[in-house]
């Protein structure tokens, strides 16, 4: 066993971040978290994490939260039984650029678990600094794919999503020229088997009930519309360089087989494990090495039934639209993602029907294509501008208005 890998954890108070902390705590011989970052909405948890992990530096996105974080350190120290002088207050980085500054901090691996396109700049900063990036921030690739791929060296990007982690593992079984296609699995969400017409009266509560995963509201609803799987198709293309027509989606309700790779000789290699994000997190942090005991395996002594079904593209048009957007490239994936976020927010607020989410997104995408103004981004500012354009047009689309593209 060598020395532990030094890890910088962006988004430490979120779901991925909290699980990454647990992974590192369970494997101290493998990982040492040296820096953490949070948005600033939960400074108490951020302070507790910092003291318990003994990190060197903490970044907070809200500059106004820096003083609150300082006070939270002392409160967490008192609650933890530390007396004065027994703990060192970490260095604090504060402000909109803090996460990007931390991403370039001396370390071996940066795990980007930030949610949203604000995670793009830290991803680029980590790549520019030569760090290995364990990527859980899908917006980095969806919104800024050309920028990220232009900066990433061979083996510098390691996926954290369970599906892409599965593909990376399966791809070890053969050479790139031996791959026939990638097969992403989808649970099918809570409305598997329903027709498009039957989903017209779906409620927010129903859309928020995922059959196998416990996730945040946007991702959960994206899983119900299958937008999330469409985004994963785009990510798979960008991560592995496989053409879109060689990336398929199959419905697998049990969510145990996380994805598969089919090879030219007819062999299919699948990665199977119970739904648990700790396994792909540990693997991404330790890549290419596995971490013993990272997650529980499938219990083969128990009878079980796994099913695989074709995707109903008519009921779930999101994957087809995402494929079109990915093939068009430029800033269209960023526009697709931002428009979807706005449409989902309108659905949650009761201003849009469930089936209207994709209708609104398609309207915005078509307007973007018609405008011809959204080519490949040269800077992060280009991506953000495309997203602002998309959100504005999505607001009009939700209200059924036309805008000048």
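The values are calculated or read from the model by the stated rules, or taken from the named source; none is laboratory data. Quantities reported herein were computed from a predicted structural model and do not represent experimental measurements. Because the Cβ atoms are built from the backbone with ideal geometry, glycine has one as well, and the counts that use them run over all protein chains shown.
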So residue 145 fits all but one of (1) assigned to a helix (DSSP H, G or I); (2) over 23 Å from residue 388 (Cα atoms); (3) not assigned by TED's automatic domain parsing to the domain that holds residue 234; what number is the exception? (2)
Sole miss for residue 182 among (1) in contact with a strand residue (DSSP E or B) (Cβ under 8 Å, 6 or more places away or on another chain); (2) not in a strand (DSSP E or B) is condition (2)
Out of 51, 111, report the one residue that is without any contact (Cβ under 8 Å) to a residue 60 or more places away in the chain and in contact with a helix residue (DSSP H, G or I) (Cβ under 6 Å, 6 or more places away or on another chain). 51
Only one of 204, 183 is farther than 25 Å from residue 8 by Cα and surrounded by 20 or more Cβ atoms within 10 Å (Cβ to Cβ). Can you tell me which? 183
Residue 96 passes all but one of (1) part of a helix (DSSP H, G or I); (2) surrounded by fewer than 18 Cβ atoms within 10 Å (Cβ to Cβ); (3) at pLDDT 90 or above; which number fails? (1)
Conditions (1) under 19 Å from residue 326 (Cβ atoms); (2) under 17 Å from the mean Cα position of the chain (by Cα); (3) modelled with pLDDT of 95 or more -> residue 258 fails only (1)
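Yes/no per residue for (1) assigned by TED's automatic domain parsing to the domain that holds residue 136; (2) crowded, with 18+ Cβ neighbours inside 10 Å; (3) at pLDDT below 90:
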| residue | (1), (2), (3) |
| --- | --- |
| 49 | yes, yes, no |
| 61 | yes, yes, no |
| 71 | yes, no, no |
| 79 | yes, no, yes |
| 87 | yes, no, yes |
| 100 | yes, yes, no |
| 109 | yes, yes, no |
With the requirement that a residue be touching a helix residue (DSSP H, G or I) at 6+ places or on another chain (Cβ under 8 Å) and under 25 Å from residue 192 (Cβ atoms), what does the range 271-294 give you? 271, 273, 275, 277, 279, 280
Verdict on residue 366 being modelled with pLDDT of 95 or more, more than 25 Å from the chain's Cα centre (by Cα) and either more than 20 Å from residue 202 (Cα to Cα) or buried (at least 20 other Cβ atoms within 10 Å of the Cβ) (or both): yes
Does at least one position in the range 189-197 carry a residue that is in contact (Cβ under 8 Å) with a residue 40 or more places away in the chain and over 28 Å from residue 347 (Cβ atoms)? no
Please determine whether any residue of the range 248-265 is surrounded by fewer than 17 Cβ atoms within 10 Å (Cβ to Cβ), at negative phi, free of Cβ contacts under 8 Å to residues at least 24 places away in the same chain and not assigned by TED's automatic domain parsing to the domain that holds residue 359. no
Take residue 133 and tell me if it is in contact with a strand residue (DSSP E or B) (Cβ under 8 Å, 6 or more places away or on another chain), in contact (Cβ under 8 Å) with a residue 60 or more places away in the chain and not assigned by TED's automatic domain parsing to the domain that holds residue 219. no
